[in-house]
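The values are calculated or read from the model by the stated rules, or taken from the named source; none is laboratory data. Only a predicted model underlies this, so the values are computations on that prediction, with no experimental measurement involved. Cβ sites come from the backbone with ideal geometry, for glycine too, and all protein chains shown count toward neighbours. Note: accessible area is taken over every heavy atom of the protein model, side chains too, but ligands, DNA and RNA are not part of it. Shrake-Rupley method; radii C 1.70, N 1.55, O 1.52, S 1.80 Å.
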Amino acid sequence: MAHQDELDTSFIKNPDVAHEESDVSIRPIAWFMIWLTVATAVVMLLMIGLYRYLDTQAIKQDERQRSPIADERNPIPPQPVLQMAPTEVGANGQLPTRPPEGNNSPTAEFVQVRREETQKLENYTWIDQSKGMVSLPIDRAAELALERGLLKSRPQPATSMTAAPPAGQELPPGRK
């Protein structure tokens, strides 16, 4: 029984528009796509197997041709030692002279080396306590060298300047 909402289309005929049902069959196209997918999967698996086989053969060949001293060297270079400057501010508002543990900064190293050199130049330190050898501060060593006549002071150049310096300037030390 037909509903009132349904249209009767049985009288519509267009003889100019038609298709041949026997021209194209979908079943062979579907089977072709299935077999193409299966063949692709099989070829892919064969290529993976071939790659693995060739890879193991190459590794074996490399081991046979390897130098007998190749195991003695380290193929991986050592990790680089990077240095970073100190970044934390100290209690006095200045950068700390020593970086935190594990921070090998060039700035901290420079400050530490400079401090050690200054310490050696300004203080007495033992060189060999058993022999009584002492390192003198640089100023004291220079004084002793002058007293003993080991160093001669430089002669002051003779100047023919007799005029007074301009107003507001003093004579350099050693000049009258």
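Can you name the number of the only condition in (1) β-branched (Val, Ile, Thr); (2) loosely packed, with under 10 Cβ neighbours inside 10 Å; (3) at pLDDT below 60 that Thr87 fails?
Of the numbered conditions (1) β-branched (Val, Ile, Thr); (2) loosely packed, with under 10 Cβ neighbours inside 10 Å; (3) at pLDDT below 60, the odd one out for Thr87 is (2).
Only one residue in Arg98, Arg52 is open to solvent by 80 Å² or more (accessible area, probe 1.4 Å) and either at pLDDT 85 or above or over 37 Å from the mean Cα position of the chain (by Cα) (or both). Which one?
Going through Arg98, Arg52 in turn, just one is open to solvent by 80 Å² or more (accessible area, probe 1.4 Å) and either at pLDDT 85 or above or over 37 Å from the mean Cα position of the chain (by Cα) (or both): Arg52.
Residue pairs, Cβ under 9 Å, 6 or more apart or interchain, first in region 109-131 and open to solvent by less than 90 Å² (accessible area, probe 1.4 Å), second in a loop (DSSP other than H, G, I, E, B) and of a type in the set (D, E, K, R). List them.
From residues that are open to solvent by less than 90 Å² (accessible area, probe 1.4 Å), the pairs are Val111/Arg98; Gln112/Arg98.
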